[in-house]
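Trainee: Let me begin by handing over the structure; questions about it come next.
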Amino acid sequence: MVMSSNTAGVRNSMAQNVAMDAKRGTNRELDVIDERIDRLTMLCEAMWEVICDAGGTPEALAAKLNELDMADGRRDLKRRKMPVRCNCGAMVPPKAKMCQFCSEPPPNRSFFDPV
């Protein structure tokens, strides 16, 4: 079967539209990531000022950073969310909003878990 140049042109145009939609989607995702980084940067700056106002030092910050980094047993400057034990005794996965057994919110979640 021989395609007419018009049919080929339509398919090429459709492919270009799909590619442009994918690019726009990627750009939106990058914008969301940039906004998140900006919020986290501001949060870090605010916390550092509060810490300094309370007498904190860069050495104390470095020690705490190392402690948090090693919480999962790896020195890699990555924060891995770990399961927590619910009041009912079950282990609740990091992304779960409630215990799958008792339907209660998991205790002792970090302020930063939603971040």
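Trainee: Restricting attention to the range 1-11, and to residues there that are surrounded by 10 or more Cβ atoms within 10 Å (Cβ to Cβ) and either touching a Gly at 6+ places or on another chain (Cβ under 8 Å) or not hydroxyl-bearing (Ser, Thr, Tyr) (or both), which single residue is farthest from Arg79 (Cα to Cα)?
Mentor: Met3
Trainee: Among (1) at pLDDT 85 or above; (2) surrounded by 11 or more Cβ atoms within 10 Å (Cβ to Cβ); (3) of a type in the set (D, E, K, R), where does Asp72 come up short?
Mentor: Single failed check for Asp72: (1).
Trainee: Sticking with this structure for a sec: Specify which of the listed residues (Gly89, Gly55) is assigned to a loop (DSSP other than H, G, I, E, B) and either more than 23 Å from Asn108 (Cβ to Cβ) or in contact with a Pro (Cβ under 7 Å, 6 or more places away or on another chain) (or both). Before the answer, list the steps.
Mentor: Values: Gly89 fails: either more than 23 Å from Asn108 (Cβ to Cβ) or in contact with a Pro (Cβ under 7 Å, 6 or more places away or on another chain) (or both).
Unique residue meeting the criteria: Gly55.
Trainee: Out of Glu49, Glu67, which single residue is loosely packed, with under 10 Cβ neighbours inside 10 Å and part of a helix (DSSP H, G or I)? Steps first, please.
Mentor: Details: Glu49 fails: loosely packed, with under 10 Cβ neighbours inside 10 Å.
Glu67 is the lone residue from the list that is loosely packed, with under 10 Cβ neighbours inside 10 Å and part of a helix (DSSP H, G or I).
Trainee: Separate question: List the number of the failed condition for Pro94; all other conditions in (1) surrounded by 11 or more Cβ atoms within 10 Å (Cβ to Cβ); (2) assigned to a loop (DSSP other than H, G, I, E, B); (3) within 19 Å of the chain's Cα centre (by Cα); (4) modelled with pLDDT of 90 or more hold.
Mentor: (4)
Trainee: With the requirement that a residue be surrounded by 13 or more Cβ atoms within 10 Å (Cβ to Cβ) and closer than 28 Å to Ala62 by Cα, what does the range 97-109 give you?
Mentor: Selection gives Arg109 alone.
The values are calculated or read from the model by the stated rules, or taken from the named source; none is laboratory data. Just so we're clear, the structure is a prediction, and the values are computed from it rather than from any experiment. Glycine also receives a Cβ, built like all others from the backbone with ideal geometry; neighbour counts cover every protein chain displayed.
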